[in-house]
1. Using the beta-carbon distance between Ser134 and Met384 and R0 = 56 Å, what value does 1/(1 + (r/R0)^6) give for FRET efficiency, to the nearest 0.05?
2. Rounded to the nearest 10 degrees, what's the angle between the helix 120-131 long axis and the longest principal axis of the chain, both from Cα atoms, 0 to 90?
3. Which trypsin sites (Lys or Arg not before Pro) in the stretch 354-419 pass both tests, a DSSP loop state and at most 15 other beta-carbon atoms within 10 Å?
4. Counting Lys and Arg as +1 and Asp and Glu as -1, what is the net charge of the other residues whose Cβ lies under 14 Å from the Cβ of Ile123?
5. Show me, for the stretch 217-223, the HN-Hα J-couplings you get by feeding each phi into the Karplus relation (A = 6.51, B = -1.76, C = 1.60, θ = phi - 60°), rounded to Hz, glycine and proline as x.
6. What do you get for the angle between helix 55-92 and the principal long axis of the chain? Use alpha-carbon atoms, 0 to 90 degrees, nearest ten.
7. Hey, could you get me the Stokes-Einstein D for the chain, Kirkwood radius over alpha-carbon pairs, 37 °C and 0.692 mPa s, rounded to whole µm² s⁻¹?
8. Tell me the label-point distance for the pair Asn101, Ala166, using the 7 Å Cα-to-Cβ offset, in nm and rounded to one decimal.
Amino acid sequence: MQDNTDYRKTPYYGVGRASDLTGSDRRLYRFFEMVPGLIAWITIIGTIILSRFFPVEAAIFIIIFDIYWLLKTLYLSTYLRQNWKRMKHNIALDWGKMLENLKYQHIVHLVILPFYKEGKEVIEKSIESLLDASCDKKKIIVVLASEARAGRESQDMAREMRERYADHFRDFLLTVHPADVIGEMPGKGSNITFAAEQARQHILNPQNIPYGDVLVSAFDIDTVVYPKYFQCLTWHFLTTENPYRSSFQPVPFYNNNIWDSPAFSRVVAASGTFWQMIQQERPERLATFSSHAISFKTLHDIGYWQKNMVSEDSRIFWNAYVAYDGDYTVVPLSYPVSMDANLAPTFLQTCKNIYKQQRRWSWGAENLPYVLMAFVKNKKIPRMKKIRMSIIQIEGYWSLATHPIMIFILGWLPVIAGGRYFNTLVLSYNLPVITRYLMDLSLIGLVLSAIVSFSFLPPPPANTRIHHKLFMLLQWVLVPVTILIFSALPGMDAQTRLMTGKYMGFWVTPKHRKVS
């Protein structure tokens, strides 16, 4: 029987915010928490001041920035196109045949499905997708992880799911994460950590299953796997140079309810998919996100997911990265799993939910102070790795919050605030023209986005009208609005909260399905 209760932890493992530390470490961590918000606000306020008192310099800066945005858009579009081709290839690939030349029968898949108060139809669809997967179901262990704070109704539903589906899998474990545990934040991280440890105690150890043979897929409850997901994951695990120093990341499609979701929701969801596809082509920048996979050996070694975090999905990567002194990576699968796009009973509530979800994802900025603090303290990580990773992370949060605001609002500011002298200059007349021209060129990428999005849509319901399909293409004209309202603003909101110490808790995205 395996037992290793002394988890490997770095000195700052478990730190969720500055208040978890004392003395100079607390002050330094608090400063790092302020970094994303400070940089964002300095950029916005600095551009406003520059436009008022130095309008010529501001106009030149804005033109240069617009050119940078255009080049960046074209640059990222090439990665999107590359991953689009790779995804189509991987979806069509016979992964079962790929595995024939490998010894893979020892691999066991542990699937953790945490839920709160989601409806039965959401849970059923996720479990049934496991049954439809092209693999031996007796190699799959399902852990359906409920929350005590959700009440008896959710536990009764979990028991119903076990009675209906347990015989199809190797094991089907129900766990109930206790409420009000000191040091924990209610949310996915604390729930799946509890579930993983329960699986170790009640399944892996009693059955003497080696931890190194277990691949853990930590899913959201609405995650629906594509048929070859487990075969694809197994192949990548067995062919990766160092699988125990790697996490494995599929691409999230938000297709479960895409035909029922409003246009704003579809565009925001697809934009999130596109960003993950782009990152799959740049694995050196890739961190785990939402539904991901990891070896149980690695997971147990680093102490599972952090229990006091909103963004536990990405923090697990950074915990491992720091614990293994920078020798850790994310392997892109370039293979999809499907989840829900935001949908609520009313359009207004859908918009509110989109904003809240994007703000929660933007709260991933809470990882930056942890990373910077660990880089200061950990002398074993190569210096150039620290510098490069720090720049990538800071630039990512800065561009998320500021770039759309600068393009669609501040780009016109010198004309408004520059004064009478500036408005007599040729530059004043040409600035809006140049800005609009460069932005029009960058919007060419929307054509590619529309094509990629349409190519991955599931079959429409039988009663879908032709104009609904047409809207799926025309919806991309909403991008300038969505990246401002549902990207930049929640990004600024989250970073400002972190900067001012108004910490966020975990917000569970409501799942809603239209009933035919």
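1. Numbers: r = 43 Å, r/R0 = 0.76.
For Ser134 and Met384, the calculated efficiency is 0.85.
2. So the helix axis and the longest Cα principal axis differ by about 70 degrees.
3. Working: sites: Lys356, Arg359, Arg360, Lys377, Lys379, Lys380, Arg383, Lys385, Lys386, Arg388; in loops: Lys379, Lys380.
Here the trypsin sites (Lys or Arg not before Pro) that fit, given the DSSP loop and packing criteria, are Lys379, Lys380.
4. Value of the local net charge: -4.
5. After applying 6.51 cos²θ - 1.76 cosθ + 1.60, I find 9, 8, 9, 6, 5, 8, 6 Hz.
6. Orientation of helix 55-92: about 30 degrees from the principal axis.
7. For the chosen part, D equals 135 µm²/s.
8. Going by the 7 Å Cα→Cβ label model, 4.2 nm.
Every number here is computed from the coordinates shown, using simple stated rules; none is lab data. Since the model is a prediction, treat every value here as computed from it, not as a measurement. Virtual Cβ from ideal backbone geometry, glycine too; neighbours counted across all protein chains shown.
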